[in-house]
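A.B. asks: Supplied in structure tokens, the structure appears directly below.
The values are calculated or read from the model by the stated rules, or taken from the named source; none is laboratory data. Bear in mind the structure is a predicted one, so any value in this text is a computation, not a measurement. Cβ atoms come from the backbone with ideal geometry, glycine included; neighbour counts cover every protein chain shown.
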Amino acid sequence: MITLTGNSLTIKEVERVLYGYEEICLDEASLEKVDASRQVVEKIVAEEQLVYGITTGFGKFSDVLVRSEYVEELQLNLIHSHACGVGEKFPEMVSRAMLLLRANTLLKGFSGVRRELIQMLVSLLNARIHPVIPQQGSLGASGDLIPLAHLALALLGEGEVAYRGKICPAIEALNAEGLKPITLQAKEGLALINGTQAMTAMGVLAYLEAERLAYQAEFIASISIEGLQGITDAFDEEVQLARGYQEQVEVARRIRKILEDSQLTTHAGELRVQDAYSLRCIPQVFGASWQALAYVRDKLETEINAATDNPLVFDESGKIISGGNFHGQPIALAMDLLKIAMAELANISERRIEQLINPSLNDLPAFLSPQPGLQSGAMILQYCAASLVSENKTLAHPASVDSIPSSANQEDHVSMGTIASRHAYQIIQNTRQVLAIELICALQAVDFRGVDKMAPITRGIYNEARKITPSIVKDRIFSYDIEKVNNWMTGKGFNIKLD
């Protein structure tokens, strides 16, 4: 059981909720702060003060007064009008994360909602009722208005949800769990949709997969080094310390550990003086990606505990202030950086694939074919990897450099952060496919070199991988191999970490 406070949620706890389905409860002291901020809102409504989003319209309609008898209708209209997303649906784990993160930010007590609204979010989460949310439509400022409006529909018993393995009307799932739909009161519709929880939820999911993939890339690259009889001098600790980046030092340390006692690696001058950059510069390239991952993690852990609503309610001073905490620029920049960092793992992986299959670059059979000429071997695997890498380059174009004004120029600069997080996730999927192809090629290369000469750690990976993708003795439909290896990397099978 994880207790939400609004201030202390970690990436690891999010991971436990997403994949371990750990249940959530709410901190009572935080709920009391929620109650206090709600009293401020109710006072504003009773006195018909002019306050944005509570007694006024939204966006360009911020100067239009809405009388107290219409506040519930105002909030309902807001959700209905903003639920206009299109395209593919977010992965169910993203929807789950959005419920968690929205509950956590509302629990901070700056949003002026009733505690019942937050409890409803948690009830959906614990009951595994996940709103169906289209991916496209958010500008990433004024919050993720459109995706969060689709999330809010589920609390009202509207829209669709994923529940017990199927898509069904939200009201059916609520009835099955004995939950009563919420009737929104003053400010609550706005509080539900003004925030960065779509881009952040997508970002957390992308980060978790990226971190795991970065570790896997080190093991796969190590097998490629063995398949190419790579020179290990470049991984010497003195080389790394001379530059000073700790992440680079750690990558080289892990590679040395992975390749310990290998009889397939060489030293400078034994077979050649230097390796190509795609082998020699693994610590520098991977280390830079790890630096980016550390930055991304820091921003995500700040954002999952941030107050991103507007206006914010400060119960101690009685102030309600319209600001811009909904603007997704910090996450947009972090996601664009994540895109580049993960695309680089694919870029350098594809170059190692070329090193493995090109007969001009090694002494292995051409294209790792068992019968060069009659059998094409891994020739077209490199084509596929090259295509994925090229697609990544397009996706890696920063979304955050774009902005299109909205709401009649009231909202004249936006982050496009949700686009950045979606593209980051796509790049990670592509990168895993490229690394799966590298692994297939590297395994074939060590077959020719002598599996018995592999390092103990890489030999263990080889033994497990060969249960999934057998040696290439004849051309076959390699699409199936790529898919199986990708699934293995995505699941729990390939989950090795060094001390």
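A.B. asks: Looking at ILE404, ILE357, can you tell me which residue is surrounded by fewer than 17 Cβ atoms within 10 Å (Cβ to Cβ) and under 29 Å from ILE427 (Cα atoms)? Full working, then the answer.
C.D. replies: Details: ILE357 fails: surrounded by fewer than 17 Cβ atoms within 10 Å (Cβ to Cβ).
The match here is ILE404.
A.B. asks: Checking GLU211 against (1) closer than 24 Å to ILE331 by Cβ; (2) of a type in the set (Asp, Glu); (3) touching a His at 6+ places or on another chain (Cβ under 9 Å): exactly one of these is not met. Which one?
C.D. replies: Among (1) closer than 24 Å to ILE331 by Cβ; (2) of a type in the set (Asp, Glu); (3) touching a His at 6+ places or on another chain (Cβ under 9 Å), the lone unmet condition for GLU211 is (3).
A.B. asks: Is at least one residue of segment 174-189 over 17 Å from ASN305 (Cβ atoms), at pLDDT 95 or above, out of contact with any helix residue (DSSP H, G or I) (no Cβ under 6 Å at 6 or more places or on another chain) and crowded, with 24+ Cβ neighbours inside 10 Å?
C.D. replies: yes
A.B. asks: Residues that are among the β-branched types (Val, Ile, Thr): list the helices (runs of 4 or more DSSP H) wholly contained in segment 267-381 that include at least 1 such residues. Let's see the steps before the verdict.
C.D. replies: On the way: elements: 277-280, 282-303, 329-357.
So the answer is 282-303, 329-357.
A.B. asks: State all residues of segment 159-200 that are outside any helix (DSSP H, G or I) and either under 14 Å from LEU148 (Cβ atoms) or touching a strand residue (DSSP E or B) at 6+ places or on another chain (Cβ under 7 Å) (or both); if no residue qualifies, say none. Lay out the reasoning, then the answer.
C.D. replies: So the first thing to find is which residues in segment 159-200 are outside any helix (DSSP H, G or I), and the list is 159-169, 177-187, 194-196.
Answer for segment 159-200, where residues must be outside any helix (DSSP H, G or I) and either under 14 Å from LEU148 (Cβ atoms) or touching a strand residue (DSSP E or B) at 6+ places or on another chain (Cβ under 7 Å) (or both): GLY159, GLU160, VAL161, ALA162, ILE167, CYS168, PRO169, LEU184, ASN194, GLY195, THR196.
A.B. asks: Would you check if there is a residue in segment 169-181 being within 28 Å of GLY323 (Cα to Cα) and basic (Lys, Arg)? Walk me through it before giving the result.
C.D. replies: Filtering segment 169-181 down to residues within 28 Å of GLY323 (Cα to Cα) leaves none.
No: zero hits.
A.B. asks: Just a yes or no: is a residue in segment 432-443 part of a loop (DSSP other than H, G, I, E, B) and either touching a strand residue (DSSP E or B) at 6+ places or on another chain (Cβ under 6 Å) or surrounded by 22 or more Cβ atoms within 10 Å (Cβ to Cβ) (or both)? Quick ask: steps written out before the conclusion?
C.D. replies: The initial filter retains those residues of segment 432-443 that are part of a loop (DSSP other than H, G, I, E, B), namely none.
No, segment 432-443 contains no residue that is part of a loop (DSSP other than H, G, I, E, B) and either touching a strand residue (DSSP E or B) at 6+ places or on another chain (Cβ under 6 Å) or surrounded by 22 or more Cβ atoms within 10 Å (Cβ to Cβ) (or both).
A.B. asks: Could you check how many residues of segment 240-266 are part of a loop (DSSP other than H, G, I, E, B), out of contact with any Ser or Thr (no Cβ under 9 Å at 6 or more places or on another chain) and either under 19 Å from ILE461 (Cα atoms) or not assigned by TED's automatic domain parsing to the domain that holds SER289 (or both)? Write out each step before concluding.
C.D. replies: Let us first name the residues in segment 240-266 that are part of a loop (DSSP other than H, G, I, E, B), namely 244-245, 259-265.
From what is left, the residues that are out of contact with any Ser or Thr (no Cβ under 9 Å at 6 or more places or on another chain) are 244-245, 260-261, 263.
Those left that are additionally either under 19 Å from ILE461 (Cα atoms) or not assigned by TED's automatic domain parsing to the domain that holds SER289 (or both): 260-261, 263.
Result for segment 240-266: 3.
A.B. asks: Of the residues that sit in segment 464-484 and are of a type in the set (Ser, Thr, Tyr) and outside any helix (DSSP H, G or I), which one is nearest to ILE496 (Cα to Cα)? Outline the logic, then answer.
C.D. replies: Keep residues of segment 464-484 that are of a type in the set (Ser, Thr, Tyr), which gives 469, 471, 479-480.
Narrowing the set further to residues that are outside any helix (DSSP H, G or I) leaves 469, 471.
Working: THR469: 18, SER471: 22 Å.
Per the criteria, the residue is THR469.
A.B. asks: Another question about this same structure. Quick check, is SER95 over 13 Å from GLY195 (Cα atoms) and either more than 23 Å from the chain's Cα centre (by Cα) or among the hydroxyl-bearing types (Ser, Thr, Tyr) (or both)? Write out each step before concluding.
C.D. replies: On the way: over 13 Å from GLY195 (Cα atoms): yes; either more than 23 Å from the chain's Cα centre (by Cα) or among the hydroxyl-bearing types (Ser, Thr, Tyr) (or both): yes.
Yes: the conditions hold for SER95.
A.B. asks: Given the conditions (1) in contact with an Asp or Glu (Cβ under 6 Å, 6 or more places away or on another chain); (2) buried (at least 17 other Cβ atoms within 10 Å of the Cβ); (3) among the charged types (D, E, K, R), report the number of the one that ARG16 does not fulfil.
C.D. replies: All conditions pass for ARG16, except number (2).
A.B. asks: Is it the case that some residue within segment 487-497 is hydrophobic (A, V, I, L, M, F, W, C) and surrounded by fewer than 18 Cβ atoms within 10 Å (Cβ to Cβ)?
C.D. replies: Yes; the residues of segment 487-497 include at least one that is hydrophobic (A, V, I, L, M, F, W, C) and surrounded by fewer than 18 Cβ atoms within 10 Å (Cβ to Cβ).
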